[in-house]
Amino acid sequence: MCGIIGIVGDAPVADRLVDGLKRMEYRGYDSSGICTIVDGQLVRRRAEGKLANLVEVLKHDPADGLIGIAHTRWATHGAPTSSNAHPHATEEVALVHNGIIENFRPLREQMAGEGRNFESQTDTEVVVHLVSREVEKGRSPQEAVREVLPQLRGAFALAIAFKSHPDILIGARLGSPLVVGYGEGEMFLGSDALALAPLTQKIAYLEEGDWVVLTKSGATIYDAENNEVTREVQASGATAAAIEKGNYRHYMQKEIYEQPTVVAQTLGSYLRREDNSVALPQFDFDLTAIKRITIVACGTSYYAAMVAKYWFEQFARVPVDLDFASEFRYRDPVLEDGGLALFISQSGETADTLAALRHCKENGQIIGVVVNVPTSSMAREADLLLPTHAGPEIGVASTKAFTCQLAVLAALAAHMAVKKGLMSREEEQEVVKHLLEAPAALNAALDHDDDIAAMAHLIAPARDVLYLGRGQDYPLAMEGALKLKEISYIHAEGYASGEMKHGPIALIDEAVPVIVLAPSGPLFEKTVSNMEEVRARGGQVVLISDAEGLALAGEGCIATIEMPNVHPLIAPLVYSVPVQLLAYHTACVKGTDVDQPRNLAKSVTVE
Ligand code: G6P
């Protein structure tokens, strides 16, 4: 999603702005731009496509100001062309925006009626004209922004520069995050702490409705009612090292390999090794009184929710409703007072999930949040905050955040079961013991990387791929298909293996590889029967199972991948590895942009 950076500097800012944009490339974008103030003029440079194009433009036409704003754009309104790229500007004002201005049409019509000239198809340009109109009337930048913000509907983070005030930037946020960075005689604005990582470690998060005036020496922050407020300045903790690739070819590969470590870290904060018990953070509501859990998420986080439904129902005997955030918001769900609404998100900023969270809060739900960014909007609005400790995830396709989400959700389900008296002390110890086996099992799964890389050559030529799984491996089949689609652009579908005969079986022929996820265990034979139905119709099967499963059913498959023999509870964590690696290597064979796949954004902060 769009990335914003602004600097009120003591030295030329263009290079540092571009470096900041580079650190936000992972968010996903399709054009970029920069504006600085040089000799009392707004100097704007923009380019389609990758940042290298903007760098090339700047090489020929520099923008050497001491103050500036810059942006990576993920297109919503209008194609990713240079004329739609931000900053948008009038003679007086330049501005970058993340989010969507929902009421831009009537505002645009009104201003076009006043003779204002629009150059782009974006929703953003309307904001620059609104601010400019006030400035042209003789208002100060502060007065202009104060006048305009209440007119905007939708979500936004904004950074604004003013030609006649080359010593200030103004930022504002509603629905999209914005961070203020405090430097030595310089000040910064950024979409996230990572964008500002090498510039400063001192940051403050703006709250909903806040706006801020930045000068070289500091920031004055106002809330939505225009009262001057203070927001805590904290150590950012984001280091440039955390977002380096090290010896890996791609961030996604690095993040897949980090899983044994980060899952162990995450489990470490929810399990007590001394007595093999589950230990959750303190909260002030009674878990045993919860009659229903509503889980809401998007993308990969949604598939973690699907796995968790099995656990909550099996262990804690609590019924679980599950929905994509984008659907949940608009279907008027029944929410009984005192229910637990659980939101799962890597970023904690996904617009649909955040809106669903707020809807649940207004409707008397206890808000639980499983999130990887502890400073995110969702984290701040939670009653029960359950952080995953995956560290920054840069690859657009989520990997380590997913397995860490599973670890937290398994611990929560077990904890609820213990509290409800449905899990004995011995059973709790067993569950904890199995969860603690996960990091070693993830390592053992990673040992098969070379086999999977070799197998990717069989998958890369396919146009369609089918993934099958049963029980808690069914969501994994969906996740495997999603990973493949996201980064290799091969059409893939995940299906419950028993449901295949009600439709997808018609697709089976020798051109459609079928990836079967079947750890040995109670559902193994049933899954294998479905696999045989595929094979009987000429289907080409890749079986992912443990040694026992492969010995029983591996014969006749075009390939097999051996996983360690693990308890069913941790199978979803361990079997994530081969589906992630298979997608990764297939994408490498196809030569796609693994870390920044086309059209995708890391965190989708628009509806
Ligand atoms: C985007 C990302 C996915 C992610 C989804 C949900 O689509 O590309 O990888 O799973 O958003 O994001 P969240 O941050 O809420 O988990």
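Any read-out appearing in this document is the output of simple, stated calculations on the displayed coordinates, not a laboratory observation. Everything quoted here is computed from the prediction, not taken from an experiment. Cβ coordinates were reconstructed from backbone atoms using ideal geometry, including for glycine residues, and neighbour counts include every protein chain displayed.
Two numbers describe the Cα atoms of region 217-342: Rg and Dmax, which are 20.4, 57 Å. When only the Cβ of Lys, Arg, Asp and Glu is charged (+1, +1, -1, -1), the dipole of region 245-436 relative to its Cα centre reaches about 420 debye. Of the trypsin sites (Lys or Arg not before Pro) found in region 114-163, the ones in coil according to DSSP and having at most 11 other Cβ atoms within 10 Å of their Cβ are Lys137.
Counting neighbouring beta carbons within 10 Å and listing from fewest to most, the residues Ile508, Ile561, Ile34 come out as Ile508, Ile561, Ile34. Here region 3-242 is treated as an ellipsoid with the same Cα gyration tensor; its semi-axes, largest first and in whole Å, are 24, 21, 17. Take every Cα pair under 8 Å in region 176-259 that's 6+ residues apart, average their separations, divide by the length, and report that relative contact order as a whole percent. Across region 176-259, relative contact order equals 25 percent. Relative to the compact-globule estimate of 2.2 N^0.38 Å, the Cα radius of gyration of region 371-470 comes out at 1.42. Relative contact order for region 144-215: 31 percent, from Cα pairs under 8 Å spaced at least 6 residues apart, divided by residue count. Helices meeting the span-like rule in the chain (full DSSP H runs, Cα extent of at least 30 Å along the helix axis, mean Kyte-Doolittle score of 1.6 or higher) are absent. Loop-located trypsin sites (Lys or Arg not before Pro) across region 394-489 with a Cβ neighbour count of 16 or fewer within 10 Å are Lys420, Arg463, with loop assigned by DSSP. As a proxy for reagent exposure, Phe285, Phe324, Phe402, Phe312 were ordered by neighbouring Cβ count within 10 angstrom, fewest first; the result is Phe285, Phe324, Phe312, Phe402. Rounded to the nearest 20 debye, the dipole magnitude of region 448-591 is 360 debye, with +1 charges on Lys and Arg beta carbons, -1 on Asp and Glu beta carbons, and the Cα centre as origin. Over all Cα atoms in region 289-373, the spread is summed up by Rg and Dmax: 11.7, 31 Å. In terms of other Cβ atoms within 10 Å, Thr90, Thr81, Thr288, Thr72 run from fewest to most in the order Thr288, Thr81, Thr90, Thr72. Based on Cα contacts under 8 Å between residues 6+ apart, the chain shows a relative contact order of 12 percent. Kindly give Rg over Rh for region 448-591, based on alpha-carbon atoms, with the Kirkwood expression for the hydrodynamic radius. Ratio of gyration radius to Kirkwood radius for region 448-591: 0.92.
Counting DSSP beta bridges with both partners in the chain, what percentage is antiparallel, nearest 5? Roughly 60 percent of the beta bridges in the chain run antiparallel, per DSSP. Since only Leu409, Pro141, Val373 are under comparison, the one whose Cα sits farthest along the positive direction of the charge dipole of the chain, derived from C-beta charges on Lys, Arg, Asp and Glu, is Pro141. If you take the Cα centroid of region 408-448 and the Cα centroid of region 140-200, the two points sit 44 Å apart. Dividing the Cα radius of gyration of the chain by its Kirkwood radius returns 1.00 for Rg/Rh. Across region 9-146, how large is the tail of the calculated P(r) beyond 19 Å, expressed as a percent of all Cα pairs? Result: 50 percent of Cα pairs exceed 19 Å.
For region 448-591, build the charge dipole from Cβ charges (+1 Lys, Arg; -1 Asp, Glu) around the Cα centre, then report which of Ser488, Gly539, Val528 sits farthest towards its positive end. Comparing the listed Cα positions along the dipole, Ser488 ranks first. Among the GluC sites (Glu not before Pro) in region 478-529, those located in a DSSP loop and surrounded by at most 15 other Cβ atoms within 10 Å of their own Cβ are Glu510.
Compactness of region 216-257 is given as radius of gyration and Dmax, 18.6, 49 Å, from Cα positions. Shown here is the pair-distance distribution of region 245-436: with all Cα-Cα distances grouped in 5 Å bins from zero up to the longest one, the shares run 1, 8, 17, 21, 21, 15, 9, 5, 2, 0, 0 percent. Across the cross-link table entries Lys291/Lys361; Lys254/Lys400; Lys59/Lys202; Lys309/Lys419, which are compared at the Cα atoms, the separations over 21 Å belong to Lys59/Lys202.
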